[in-house]
Structure formats: structure tokens, C-alpha cells
Amino acid sequence: EMVWIADDEVTGKEVSVHFIPNEVALDPQLIADLRSEIRKAKQLIHPNILRVIDLIEEPDWTGMVMDTFTGESLTRMLQEQPGGFFDSDAAIRWLQPLLDTLKEVHAIGVVHGDVTPMDMILEPSGHLFMCDFGISRLVTDALRRVDAAGENAAYSPAEVLDGAAPTVVDDVYALSATVYNLVTGKTPFESEDIEAEKIGRAHV
């Protein structure tokens with residue numbers, strides 16, 4: 001994902017611009033779905049969630065505007081860890097805020113739909129943000145159609161990979177897979193075709 005830091009000329013604040021893949025931006029139905037998800041995400045204000053501000057659609061690019069951040073995704077940080085995994089104590093410290101955040105948004109009927117370490121930003125202060133509620137799933141599904149997002153399949157239950165709408169239970173499953181990844185450096189499924197393996201097991 002390409003991200004730019006920009007100045008909002010209206011508010012005078014720095015924002016981050018997350019560019020939307022062409023597989024979504026050039027598909028009329030998908031971009032309509034994205035607009036809908038962003039309208040909902042703009043209403044989601046929580047101290048542990050990176051706030052969505054707007055969607056910008058230009059002739060040559062489409063970008064989602066969010067609050068800026070100075071940290072890195074847990075995916076990026078995981079790649080930099082000695083041995084390729086985090087100390088379990090660190091993962092446990094992050095787990096409770098993540099559970100609390102999901103519990104609170106689930107209580108108002110919001111599902112993330114695609115919880116992965118990429119959707120978690122750790123600030124230098126130690127504060128952990130979640131991002132892309134509802135939006136990450138849409139982009140992931142679009143990329144799966146062109147076989148470009150297979151890595152995210154490791155965090156999704158078979159039912160979601162088979163086309164079912166994500167639920168609260170699926171967010172919990174994905175969070176569990178995320179924690180497993182953080183403390184082992186591996187994903188729960190690591191075959192060459194994770195999606196086919198999961199769906200095949202679910203249908204047995």
C-alpha cells in the first residue's frame with residue numbers, strides 16, 4: 001500500500017493519503033461500495049482507531065484520507081524483529097486494547113472484516129491504532145479476484161473466503177490468527193494455496 005503524508009488546506013493539519021488499488025478504483029460497483037464503507041467509517045470515532053476523513057477521486061488516482069501517524073504497521077515491524085517474531089509479553093500487552101476496541105465497535109454493529117497485523121499501527125509512544133474498518137475487506141476481496149492478496153487469506157476463516165459476509169466471530173478468528181503470527185513469525189496456514197486448503201477443509 002502506498003501512503004503519502006499531506007497538508008489538509010482546510011484544517012491546516014497533516015493527514016495521510018492511502019492510495020486505492022486500480023482493481024477497486026476502476027470498478028463502478030466496487031468504488032460505490034467503497035464510498036459507502038467510507039461514509040460509515042467517517043462516523044467511527046474511537047481513541048484506538050485511526051480516523052477516516054474522506055475519499056478523494058481524481059482522474060488518475062483515488063485515495064482515502066485518514067489521520068496521520070508516525071508509527072509503523074505491525075507487519076512492517078515484524079519483519080524487523082530478531083528471529084522474525086515479537087516477544088510474547090509485547091503481544092499480550094497489545095491484545096487487551098485490541099479486544100476492548102473490537103468489543104466496543106462490535107457493540108454498535110460494526111465489523112472490521114479483515115483484521116491483520118497490517119491494519120495495526122504502533123506509534124513510538126506505544127499506542128496501538130487499528131484502521132480500515134470495513135474498507136480493508138473490500139480491497140482484499142477485489143485483489144483476490146486477480147490473485148494479488150493471497151497473504152491475507154491466512155487471517156480469514158473459510159466461510160469468509162468462500163464468500164460469506166464477515167461477522168463478529170470472524171473478527172475474533174482473525175485477531176487470534178494475528179496474535180499467532182506476531183508471537184511465532186508464522187501464519188496458522190502456510191501452504192501454497194491457503195484459500196483452497198481452508199475452503200476444502202470447511203467443506204469436508
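The values are calculated or read from the model by the stated rules, or taken from the named source; none is laboratory data. In this text, all values refer to a predicted model and were calculated from it rather than measured experimentally. Don't worry about glycine lacking a Cβ; one is built from the backbone with ideal geometry, like all the others, and counts go over all protein chains shown. Protein only, heavy atoms only, side chains kept; ligands, DNA and RNA dropped before computing areas. Shrake-Rupley method; radii C 1.70, N 1.55, O 1.52, S 1.80 Å.
Quick notes on this one:
- What a 1.4 Å probe finds exposed on the chain is 53% carbon and sulfur by accessible area, rounded to a whole percent.
- Rounded to the nearest 10 Å², the accessible area of Met77 at probe 1.4 Å: 40 Å²
- Modelled spin labels at Glu57 and Glu123, positioned 7 Å past Cα toward Cβ, are 3.3 nm from each other.
- Neighbours of Glu123 by Cβ distance under 12 Å: Lys/Arg scored +1, Asp/Glu scored -1, total -2.
- Protein heavy-atom accessible surface, 1.4 Å probe, per residue over the chain: 54 Å².
- Within region 58-162, the percentage of alpha carbon pairs spaced more than 21 angstrom apart rounds to 44%.
- Listed residue (Val3, Leu74, Ile56) projecting farthest to the positive dipole end of the chain, Cβ model: Leu74
- For Val183, net neighbour charge (Lys/Arg +1, Asp/Glu -1) across residues whose Cβ lies under 13 Å away: 0
- Sum of -39500 (n - 2.57) over DSSP H runs of 4+, divided by residues of the chain (222 nm, nearest 500): -12500 deg cm²/dmol
- Under 18 Å from the Cα of Lys186 - aspartates and glutamates, other chains or at least 8 residues apart: Glu80, Asp87, Asp89, Asp114, Asp119, Glu151, Glu195, Glu197
- Taking the Kirkwood radius as Rh and the Cα radius of gyration as Rg, region 17-80 has a ratio of Rg/Rh equal to 1.02.
- The alpha-carbon atoms of the chain define a convex hull whose volume equals 130 cubic angstrom per residue.
- The magnitude of the dipole of the chain, with charges of +1 and -1 set on the Cβ of Lys/Arg and Asp/Glu and taken from the Cα centre, is near 580 debye.
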